[in-house]
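Chemist: I am attaching a structure below and will ask some questions about it afterwards.
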Amino acid sequence: MEVGQLLESLLSIYSPPHGEGELARWLYRYLRERTPDVWIDDVGNVIAVRGSGAPVVWLHAHMDTVPGPLPVKREGDVLWGRGAVDDKGPLAAYLKAFLEAKPAGTLVLALVTAEEDDSVGTEALLRGGPPRPTHIYVGEPTNLHVAYAYRGGAKVYIELDTRGGHASSPIYGNVVEHIYAIYQQVKKVLDHREQYDAFTVTPTVVQCGDVPNKIPTKCVMVLDVRIPPSRSCEDLIKALPREAQVRSCINPVEVSPTNSAARALTRALLKLGIEPKLSRKWGTADFNLLVELTRDIVAFGPGDPKYAHTEDEHISITDVEKAAKVLTLAIGEVKPKTAGG
């Protein structure tokens, strides 16, 4: 199956977080026809293994997308659809590379659940499963750049309850204005700036009221807070006003841009005549968790991140093919360590 057809098949199966079952079964069948060692684990991850011994290279990508289906369409070299960029374009490249590479040791394909939510798939892999990795490639849209750093991320909830009141006489105040004031306070105490090395605070959910002529009795606001490299979840929690509560938080992470996984990828890019470019990602990903297993890790994949999670999500099939070729070569570049290595 050519890459465009493969990706179109993946895009046609809607797979929001915790709703990846149909896609997982499709991927299992696809892999089972081509390699024997494939299974679906207890949390719905699709795992496949080829080869044996060291080194152990993981190809890691996520099956889920943000909620909200989009029509799938193909025009020449471009495919549109939910997940084209994040993360089914990278997943298609990793799937193809897994089947075509010639590993020196063990090659693991880990296609995980719920990266866009609670990362339950990757959390399960941290506890056990396939052979432990010496090197990890994380499938994310990086525009074919070698990404070696991610900011941290947190979900901050502001929940307020009031007695409500008639909209014509808001003598007891208005909870909408109150929650907005707290949001502004959070931005101020975190020194929100649209810069990589600063906290960024983005409201993503606001739920207030039910009828036009009544002051709401409850308001909920969710803030997506990204944490810069020099700060931590602990710093965030200490800075927040009492009305703002952290529900989940992941610290930022940065590895050496010359770690052995990155070097193998760089050599592969050069062999294909592609200029290697390094990048630090503004978002947060399973990369932040997987670094617990090895610091020989990079994120890499096709797709322009600016289209991720948008209603205009699309990707170049040629770039997906390029990513697959680069990964295939990079896997061959990862060699066992010598006695003096």
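Chemist: Could you grab the pairs with beta carbons closer than 9 Å, sequence gap of 6+ or different chains, first residue in the range 307-330 and free of Cβ contacts under 8 Å to residues at least 12 places away in the same chain, second one crowded, with 19+ Cβ neighbours inside 10 Å?
Modeler: Going by the 9 Å Cβ cut-off, the qualifying pairs are 310/85.
Chemist: Also: Just to be sure, is residue 175 outside the structural domain of residue 287 (by TED's automatic domain parsing) and touching a Cys at 6+ places or on another chain (Cβ under 6 Å)? Give the steps one after another, and end with the answer.
Modeler: Working: outside the structural domain of residue 287 (by TED's automatic domain parsing): yes; touching a Cys at 6+ places or on another chain (Cβ under 6 Å): yes.
Yes: the conditions hold for residue 175.
Chemist: Okay, moving on. Check every one of the strands (runs of 3 or more DSSP E) wholly within the range 234-302 and list those with 3 or more residues that are under 26 Å from residue 104 (Cβ atoms) and within 20 Å of the chain's Cα centre (by Cα).
Modeler: Values: elements: 244-250, 278-281, 297-300.
Ranges flagged: 297-300.
Chemist: Could I ask something else about it? Could you tell me whether any residue of the range 25-33 is in a strand (DSSP E or B) and not β-branched (Val, Ile, Thr)?
Modeler: Within the range 25-33, the subset in a strand (DSSP E or B) is none.
No, there is no match, as no residue in the range 25-33 is in a strand (DSSP E or B) and not β-branched (Val, Ile, Thr).
Chemist: All but one of (1) at pLDDT 95 or above; (2) out of contact with any Lys or Arg (no Cβ under 6 Å at 6 or more places or on another chain) hold for residue 226; state the number of the condition that does not hold.
Modeler: All conditions are met except number (2).
Chemist: Have a look at 89, 81, 121 and point out the one that is at positive phi and among the small types (Gly, Ala, Ser). Reasoning before the result, please.
Modeler: Values: 89 fails: at positive phi; 121 fails: at positive phi.
Sole residue among the options that is at positive phi and among the small types (Gly, Ala, Ser): 81.
Chemist: Identify the residue in the range 303-318 that is in a loop (DSSP other than H, G, I, E, B) and not acidic (Asp, Glu) and, among all such residues, is farthest from residue 233 (Cα to Cα). First the steps, then the outcome.
Modeler: Taking the range 303-318 as the starting set, the residues that turn out to be in a loop (DSSP other than H, G, I, E, B) are 303-304, 308-313.
This time we only want the ones that are not acidic (Asp, Glu), so: 303, 308-310.
Details: 303: 29, 308: 25, 309: 25, 310: 28 Å.
Only one residue fits best here, namely 303.
Chemist: Step by step: first the residues of the range 157-197, then only those that are assigned to a loop (DSSP other than H, G, I, E, B) and of a type in the set (Val, Ile, Thr), then the one that is surrounded by the fewest Cβ atoms within 10 Å (Cβ to Cβ). Which residue is that? Can you show your working first?
Modeler: Taking the range 157-197 and keeping what is assigned to a loop (DSSP other than H, G, I, E, B), we get 162-164, 167-174, 190-197.
Filter once more, keeping what is of a type in the set (Val, Ile, Thr): 162, 171.
Values: 162: 16, 171: 7.
Top of the filtered list is 171.
Chemist: Which residues, counting only those in the range 78-94, are among the β-branched types (Val, Ile, Thr) and either more than 15 Å from the chain's Cα centre (by Cα) or assigned to a strand (DSSP E or B) (or both)?
Modeler: Of all residues in the range 78-94, those among the β-branched types (Val, Ile, Thr) come to 78, 85.
The one that is among the β-branched types (Val, Ile, Thr) and either more than 15 Å from the chain's Cα centre (by Cα) or assigned to a strand (DSSP E or B) (or both): 78.
The values are calculated or read from the model by the stated rules, or taken from the named source; none is laboratory data. The shown structure was predicted, so the numbers you read here are calculated from the model rather than taken from an experiment. Ideal geometry is used to build each Cβ from the backbone, glycine not excepted, and the neighbour counts take in all protein chains shown.
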